[in-house]
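What follows is a single structure, written as structure tokens, with notes after it.
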There are 2 protein chains.
Amino acid sequence: MLFHGLSAFPITPADAHGRVHTGALSSLLTRIDKAGADSIGLLGSTGSYMYLSREEKRRAIETAAGCLAGRTPVIVGIGALRTDEAVTLAQDARDAGAQGLLLAPVSYTPLGDDEVFEHFAAVATATELPLCVYNNPGTTHFSISNALLTRLAAVPSIVAVKNPALPAADIGAAHQATLAAVPADFAVGYSGDWLVTDAILSGGVAWYSVIAGILPEPSIKLMRAAQAGDRAEVQRINALFEPLWTLFRELSSYRVVHAVANLLELSRFAPPRPILLLSPADRQRVKAALEILSSV
Amino acid sequence: MLFHGLSAFPITPADAHGRVHTGALSSLLTRIDKAGADSIGLLGSTGSYMYLSREEKRRAIETAAGCLAGRTPVIVGIGALRTDEAVTLAQDARDAGAQGLLLAPVSYTPLGDDEVFEHFAAVATATELPLCVYNNPGTTHFSISNALLTRLAAVPSIVAVKNPALPAADIGAAHQATLAAVPADFAVGYSGDWLVTDAILSGGVAWYSVIAGILPEPSIKLMRAAQAGDRAEVQRINALFEPLWTLFRELSSYRVVHAVANLLELSRFAPPRPILLLSPADRQRVKAALEILSSV
């Protein structure tokens with residue numbers, strides 16, 4: 001059940017040279033663990049995996065293994081442009097104490113389905129850890145079709161997918177089409193915080209959550225309401241999240257949660273350049289959105 | 001005049017671990033130099049810059065500096081996801097003997113104009129080498145608008161742009177719009193081999209050429225005809241290139257020139273995985289396209 005429930009994706013606090021601050025990372029991880037998330041998604045897109053060196057990623061995983069001591073399982077992002085690099089990152093993650101892997105088909109030269117399949121097969125067989133397919137066309141510019149997912153799901157250690165959530169009108173049919181493409185025990189979960197509750201209400205088994213990485217408590221309340229099918233409570237909590245969802249859509253969740261971490265004094269670090277800090281006006285909007293959320 | 005004329009972009013032959021084969025690279029560079037290209041675009045997209053480590057990129061540049069001894073100037077691709085990495089690559093390129101730099105706004109988190117501007121300004125001021133803006137939305141997923149180009153062209157060492165060529169019906173107006181956005185001495189050149197002669201006939205001053213990296217002789221004939229405004233000769237030579245252009249469009253120039261290098265026994269290496277070798281049937285088509293070209 002590793003790829004079920006609420007998976008919280010923290011930022012990875014790091015200095016301007018890409019050196020991870022293990023103290024700040026530990027605080028974020030402890031906060032998620034105490035709040036009761038079902039898993040932690042370390043080194044996801046939110047965790048800057050594409051901007052950190054192999055050595056720093058390994059330090060981040062070792063930090064998580066040390067401070068969590070197995071209480072909350074850790075799923076580690078291991079995407080890389082080269083297949084051999086992704087294989088090495090998978091082995092590093094296993095050696096440093098990860099419980100599961102998350103692999104996105106990052107690309108520079110646009111890839112074909114056969115190339116993505118061979119890439120995933122090589123990485124999935126490099127360790128015995130269960131692997132979740134990270135389908136994130138917004139950053140990888142490769143969309144994993146249901147036909148390709150069927151092929152990937154036949155690789156023994158590939159047991160889950162993290163799909164982008166869709167608007168309420170489309171998610172039900174899309175979820176059924178995905179279920180039809182994979183074995184019965186394959187875990188179909190979703191990301192896209194501002195759309196995800198409809199995906200859970202439609203049967204999605206996991207929320208891969210950016211906001212839960214920095215605000216785990218209200219996120220867990222929202223997820224538990226969605227898992228219970230309590231649409232009224234989902235609607236009530238989502239309304240309180242809405243100012244933050246607006247900022248996520250407009251400025252990207254990545255930039256916004258870095259600003260939240262600064263505002264809450266959980267990290268004094270900026271995202272890696274070229275990503276810029278939010279403007280003072282936008283930081284003010286983030287602050288206002290956080291105040292509304294305090295009543296969840 | 002570094003960013004004028006025909007710039008030939010070779011592949012970077014490397015083994016399965018990403019180790020550059022300096023002997024095969026030297027042979028490719030010598031072949032381009034002897035044929036009389038105006039510059040060499042080392043570590044472009046064709047040269048696998050996003051798939052090679054800092055150390056291997058440095059070895060490739062030192063190899064070029066050694067075997068060319070300044071005869072044909074070398075423009076080096078220095079794109080990286082992190083700004084500090086791109087700065088370091090620019091300094092490495094200068095120290096290893098490059099004459100110019102080529103910088104693409106590679107991204108994972110989608111970037112805004114201000115972020116790309118600050119990224120370019122930081123890299124351009126890190127050395128005194130002239131820098132060409134590499135506008136390649138097909139791989140970077142960021143399109144450099146003319147408004148952003150105006151801001152970039154105000155940075156002293158940014159002196160050129162490599163834009164994607166457009167179909168004949170559109171390139172004239174697009175070229176004039178770009179010229180209107182930049183100073184008079186700013187060099188506006190193009191890539192996209194199968195479309196580029198119309199861009200040169202419309203006033204583009206440079207062809208950043210994938211095919212010239214592996215077949216410099218017929219490419220130089222085509223460029224000289226375009227530079228002379230000899231439309232009949234351009235048409236005659238382009239007709240002979242057409243079977244290869246068809247393969248470029250269908251399979252990508254990156255995959256096809258790696259196959260050409262294998263067929264001509266100029267490199268025994270494959271592109272970096274996850275990129276796969278062409279199928280035997282497609283390699284046969286490449287072979288047939290090369291035979292037609294032998295009559296240029």
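Every number here is computed from the coordinates shown, using simple stated rules; none is lab data. Just so it is clear, the structure is predicted and the values come from calculations on it, not from any experiment. FYI the Cβ positions are ideal-geometry reconstructions off the backbone, even for glycines, and counts take in every protein chain you see.
Observations, loosely collected:
- Entry for region B:78-118 at q = 0.20, 0.33 Å⁻¹: log10 I(q)/I(0) = -0.61, -1.18, Debye formula applied to identical alpha-carbon scatterers, no solvent contribution.
- Ordered by the count of other Cβ atoms within 10 Å of each Cβ, fewest first, A:Trp207, A:Trp245 give A:Trp245, A:Trp207.
- As a proxy for reagent exposure, ranking A:Arg19, B:Arg82 by other Cβ atoms within 10 Å from fewest up yields A:Arg19, B:Arg82.
- Radius of gyration (Cα atoms) of region B:5-228, expressed as a multiple of 2.2 N^0.38 Å: 0.95.
- Stokes-Einstein D for region B:159-296, Kirkwood Rh over Cα pairs, 10 °C, 1.306 mPa s (µm²/s): 100
- Per-residue Cβ neighbour rank within 10 angstrom, fewest leading, B:Cys67, B:Cys132: B:Cys67, B:Cys132
- Neighbouring Cβ atoms from other chains, within 10 Å of the Cβ of residues in A:264-275, number 4 on average.
- Dipole magnitude (debye, nearest 20) for the protein assembly as shown, charges at Cβ of Lys, Arg, Asp, Glu: 340
- Kyte-Doolittle mean at least -0.5 and Cα axial length at least 18 Å: DSSP H helices in chain A: A:22-35, A:168-181, A:231-251, A:280-293
- Förster radius 56 Å - calculated FRET efficiency between A:Leu266 and B:Leu266, Cβ distance, rounded to 0.05: 0.55
- With eigenvalues of the C-alpha gyration tensor scaled by 5 and rooted, region A:133-196, Å: 19, 14, 10
- Ratio of Rg to Rh over the protein assembly as shown (Cα coordinates, Kirkwood Rh, two decimals): 0.99
- What you get for region B:5-228, charging only the Cβ of Lys and Arg (+1) and of Asp and Glu (-1), is a dipole of about 540 debye around the Cα centre.
- Selection from A:Ala169, A:Pro218, A:Leu131 lying farthest towards where the dipole of region A:97-222 points positive, charges on Cβ: A:Pro218
- Take every pair of alpha-carbon atoms less than 8 Å apart whose residues are at least six positions apart; their mean separation over the length of chain A yields a relative contact order of 20 percent.
- Top positive-direction residue, dipole computed over chain A with Cβ charges, set A:Gly36, A:Leu179, A:Leu152: A:Gly36
- Taken as Cα centroids, region A:217-271 and region A:1-70 sit 18 Å apart, rounded to the nearest whole angstrom.
- Max mean-square fluctuation residue, GNM over chain A, Cα-Cα springs under 10 Å, options A:Glu115, A:Glu217, A:Glu128: A:Glu115
- Rg and Dmax [Cα atoms of region A:81-154; Å; Rg one decimal, Dmax integer]: 11.8, 34
- Restraint check, A:Lys57/A:Lys221; B:Lys57/B:Lys162; A:Lys57/A:Lys162, Cα-Cα greater than 24 Å: A:Lys57/A:Lys221
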